[in-house]
Amino acid sequence: TFAGDIPRLTTLFRGLREEFGRIPGVQNVSYSLYSPMEGNNWSSLISIEGRAADPAQPLVSSWNRIGPRYFDTVGTRLVRGRLIDERDTPASAHVAVVNAAFARRFFEDGNPIGHRVGIGDAKHAGDYEIVGVVEDVKYTQANRATRPMMFLPAFQLASYGDASHRNGQARSLLV
């Protein structure tokens, strides 16, 4: 499998984007772990740098792994900051984009740009810097409130010592 070979995965998916982009009439190409209204949803406990964990009110967010131009491809508008793009490689600084529901839920002033967040406990609170906010889009049920959601570059991986977190991360690599 490709799961342990991030350089091969990034090359494969870059090549697929280029090939599909050559098809006449295709305007945008990207990839993701799941897409709007697919009915699928990954969610986890999260931690936000500088914020103490409260067992009575754990922080939970949905999350998705995406490729460059994902938001353009699915028609999700940027509200603030920037989107995930080609510069967000496995070797670059780890970034996240969040939806407006995430910004409202976890940040009193609604501006999470520059804050750091991670999937899991406080040891991972600094794994990703929030660089953008996108509008809310439904990923599961149209008749329910939009869930807080983080979007991570597809192949930017956190360093987990725990085997279950490593396994979950490997399963999220789109393969």
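Residues in region 134-175 that are farther than 24 Å from ASP85 by Cα, open to solvent by 40 Å² or more (accessible area, probe 1.4 Å), assigned to a loop (DSSP other than H, G, I, E, B) and modelled with pLDDT under 80: how many?
The number of residues fulfilling the criteria is 3.
Quick one: how many residues across region 15-50 are within 16 Å of ARG69 (Cα to Cα), among the charged types (D, E, K, R) and loosely packed, with under 14 Cβ neighbours inside 10 Å?
Quick first cut of region 15-50, residues within 16 Å of ARG69 (Cα to Cα) only: 15-22, 26-36.
Keeping just the survivors that are among the charged types (D, E, K, R) gives 17-19, 22.
This time we only want the ones that are loosely packed, with under 14 Cβ neighbours inside 10 Å, so: 18-19, 22.
Residues flagged as within 16 Å of ARG69 (Cα to Cα), among the charged types (D, E, K, R) and loosely packed, with under 14 Cβ neighbours inside 10 Å within region 15-50 amount to 3.
When THR140 is evaluated against the numbered criteria (1) more than 15 Å from PHE106 (Cα to Cα); (2) of a type in the set (Val, Ile, Thr); (3) touching a Pro at 6+ places or on another chain (Cβ under 9 Å), which criterion, by number, is the only one it fails?
(3)
Suppose we keep only residues that are touching a strand residue (DSSP E or B) at 6+ places or on another chain (Cβ under 7 Å) and among the β-branched types (Val, Ile, Thr) within region 51-80. Which one would you say is surrounded by the most Cβ atoms within 10 Å (Cβ to Cβ)?
So, considering only residues that are touching a strand residue (DSSP E or B) at 6+ places or on another chain (Cβ under 7 Å) and among the β-branched types (Val, Ile, Thr), the one surrounded by the most Cβ atoms within 10 Å (Cβ to Cβ) is ILE66.
I'd like the full set of residues that are out of contact with any Pro (no Cβ under 7 Å at 6 or more places or on another chain) and either open to solvent by 70 Å² or more (accessible area, probe 1.4 Å) or in a helix (DSSP H, G or I) (or both), limited to region 1-14.
Keep residues of region 1-14 that are out of contact with any Pro (no Cβ under 7 Å at 6 or more places or on another chain), which gives 1-5, 7-9, 11-14.
The answer is THR1, GLY4, PRO7, ARG8, LEU9, THR11, LEU12, PHE13, ARG14.
Please list, ordered by first then second residue, the pairs with beta carbon atoms under 6 Å, 6 or more apart or interchain, first in region 98-126 and farther than 21 Å from ALA158 by Cβ, second of a type in the set (Asp, Glu) and surrounded by 14 or more Cβ atoms within 10 Å (Cβ to Cβ).
So the pair list comes out as ALA100/GLU135; ALA100/ASP136; ALA101/ASP136.
Taking THR11, is it hydroxyl-bearing (Ser, Thr, Tyr) and more than 16 Å from the chain's Cα centre (by Cα)? Write out each step before concluding.
Values: hydroxyl-bearing (Ser, Thr, Tyr): yes; more than 16 Å from the chain's Cα centre (by Cα): yes.
In short, yes.
All but one of (1) closer than 24 Å to LEU16 by Cβ; (2) open to solvent by less than 30 Å² (accessible area, probe 1.4 Å) hold for GLY120, so report the exception by its number.
(1)
The values are calculated or read from the model by the stated rules, or taken from the named source; none is laboratory data. Keep in mind it's a predicted model, so treat the numbers as computed, not measured. In this analysis, Cβ positions are derived from the backbone assuming ideal geometry, glycine residues included, and neighbour counts consider all displayed protein chains. Keep in mind that these areas ignore ligands, DNA and RNA; they rest on the heavy atoms of the full protein, side chains included. Shrake-Rupley method; radii C 1.70, N 1.55, O 1.52, S 1.80 Å.
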